[in-house]
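Coordinate-derived values only; no laboratory data. The structure displayed is predicted, hence computed values, not measured ones. Cβ sites come from the backbone with ideal geometry, for glycine too, and all protein chains shown count toward neighbours.
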Amino acid sequence: MTATAPRPIRELPDELISQIAAGEVVERPASVVRELLDNALDAGATQITVRLSAGGVRLIAVEDDGAGIAPHEMPVALRRHATSKIASLAELEAVGTMGFRGEALAAVNSIAELSLLSRQAGEGGAWLLDGGTGELRAAARNPGTTVEVRELFFSVPARRKFLKSDATELAHCIEAVRRHALARPDVGFAIWHEGKLIEQWRAQAGADALDRRVADVLGDDFLAQSVALELRAGPVHVTGRAGVPDIARSRADQQFAYVNGRFVRDKVIVHAARAAYEDVLHGQRQPVYVLHIAIDPARVDVNVHPTKIEVRFRDGREVHQAVRHAIENALAAPRAALLAESAL
Ligand code: ADP
Ligand code: MG
């Protein structure tokens with residue numbers, strides 16, 4: 001490198017800080033879908049509709065029937081590090097909401113055209129905030145919130161070039177909704193693309209809600225060819241379904257693991273599941289499963305990565321053992337369990 005005259009050290013402008021932060025959180029349209037679904041669920045939504053155009057690049061709209069946002073708070077929601085979900089380190093360490101970093105809306109607003117349409121229950125009307133101009137005006141809507149994101153990466157052409165075909169981006173968006181839907185069978189989800197309804201999963205209630213959601217999202221075959229599992233080991237509670245070896249796949253594309261309702265990719269869990277299938281799966285065959293791990297929030301750090309897809313367990317071994325044993329026990333009696341279920 002050639003020596004250059006030193007440049008003055010300056011703080012970056014706000015807009016650029018947000019765009020840099022957006023690079024961590026928003027890789028593609030599906031990342032936005034995930035953030036907006038997290039927000040809708042945190043707002044207590046029972047029904048969420050996702051509308052997409054051009055694989056989400058042209059439009060992502062997420063409508064919910066949650067708590068809504070007060071008009072004077074709508075501009076605050078778009079500010080960096082502005083959140084209603086935590087107010088202290090103690091709350092971060094016990095966080096039970098999907099969000100807490102207060103950066104998704106600000107980040108998305110810096111790289112796309114964003115608008116917020118919201119109405120709180122008990123209020124007479126709705127308000128629409130244009131994220132670009134900051135203009136707030138009266139509008140119409142049922143209680144709840146709609147976040148619209150248009151022309152993703154319009155201000156970041158370099159990013160736009162990395163996007164794949166609309167069909168591929170759409171598939172990633174659907175996968176994002178699928179992940180949330182498997183976590184929350186009590187919430188109804190619908191996905192529209194170019195004005196056509198492409199997936200709809202109705203809200204489920206009752207003891208077999210998760211099974212019915214699994215059948216809706218992953219298919220009746222997955223349900224029929226998987227075994228229910230449940231294991232409580234100290235502070236760890238594992239529930240879900242493990243696919244029988246026959247339905248193992250060549251790709252690891254049906255492995256859904258959740259920690260306290262959050263979809264995660266975690267080496268400890270993947271390794272534990274792999275170990276549980278060791279004797280019954282050969283070669284590169286990948287097991288299929290849906291695992292819900294409930295654990296005291298104090299025993300898991302969710303603030304490891306901006307996308308929150310990684311977590312760090314205080315004691316990885318206790319989680320590893322619980323997952324491994326939960327699956328092993330379920331696989332040990334698959335025939336008995338399958339017979340018992342088909343008799344219902
Ligand atoms: P975080 O989710 O980490 O708090 P976000 O940038 O995603 O940060 O959202 C900022 C704030 O905007 C949230 O804390 C919440 O108060 C509000 N908000 C966002 N989306 C919704 C929604 N769909 N319904 C109600 N409030 C919302
Ligand atoms: Mg959020």
### Query
Cα to Cα, under 29 Å, and not fewer than 8 places away if on the same chain: which lysines meet these conditions relative to LYS267?
LYS85, LYS164, LYS308
### Message
Sequence gap at least 6, Cα distance under 8 Å: using those rules, report the relative contact order of the chain to the nearest whole percent.
### Response
15
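State the percent of C-alpha pairs, over all pairs in segment 209-342, separated by a distance greater than 23 angstrom.
29
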### Task
Mind giving me the nanometre distance, one decimal, between the label points for ALA90 and ASP296, set 7 Å out from Cα along Cα→Cβ?
1.7
### Task
Calculate, for HIS72 and GLU175, the FRET efficiency according to 1/(1 + (r/R0)^6) with r their C-beta to C-beta distance and R0 41 Å; round to the nearest 0.05.
0.65
### Query
So which trypsin sites (Lys or Arg not before Pro) in segment 81-169 are both in a DSSP loop and have at most 14 other Cβ atoms within 10 Å of their Cβ?
LYS161, LYS164
### Message
What FRET efficiency comes out for ALA332 versus ALA209 if R0 is 22 angstrom and r is the Cβ-Cβ distance? Round to the nearest 0.05.
### Response
0.30
### Summary
Measuring from the longest principal axis of the C-alpha atoms of the chain, the long axis of helix 14-25 (C-alpha) lies at a number of degrees, nearest 10, equal to 10
## Note on the structure
In degrees rounded to 10, the 0-90 angle between helix 166-183 Cα long axis and the longest Cα principal axis of the chain is 60
#### Entry: Longest segment of the chain lacking chymotrypsin sites (Phe, Trp or Tyr not before Pro) that sit in a DSSP loop with at most 14 other Cβ atoms within 10 Å
163-344
### Message
Please give the charge dipole size of the chain, origin at the Cα centre, charges +1 on K and R Cβ atoms and -1 on D and E Cβ atoms. Round to the nearest 20 debye.
### Response
660
### Percent of Cα pairs exceeding the 35 Å cut-off, where the set is the chain
28
### Query
Does anyone have the angle between helix 316-332 and the longest principal axis of the chain? Alpha-carbon axes, 0 to 90°, nearest 10?
50
### Query
If the chain between ARG265 and ASP246 were fully stretched, how many nm would it gain, using 0.36 nm times the residue separation less the Cα-Cα distance?
4.5 nm
### Candidates per GluC sites (Glu not before Pro) in segment 1-58, loop by DSSP, up to 15 other Cβ within 10 Å
GLU11, GLU27
### Task
Note down the relative contact order for segment 209-342 as a percent, whole number, built from C-alpha pairs under 8 angstrom at least six residues apart.
31
## Note on the structure
Simple spin-label estimate for ARG312/GLU123, 7 Å along Cα→Cβ, in nm, reads 3.9
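Take every Cα pair under 8 Å in segment 14-201 that's 6+ residues apart, average their separations, divide by the length, and report that relative contact order as a whole percent.
Across segment 14-201, relative contact order equals 29 percent.
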### Query
FRET efficiency for ARG285 and PHE162, Cβ-Cβ distance as r, R0 = 41 Å, nearest 0.05?
0.85
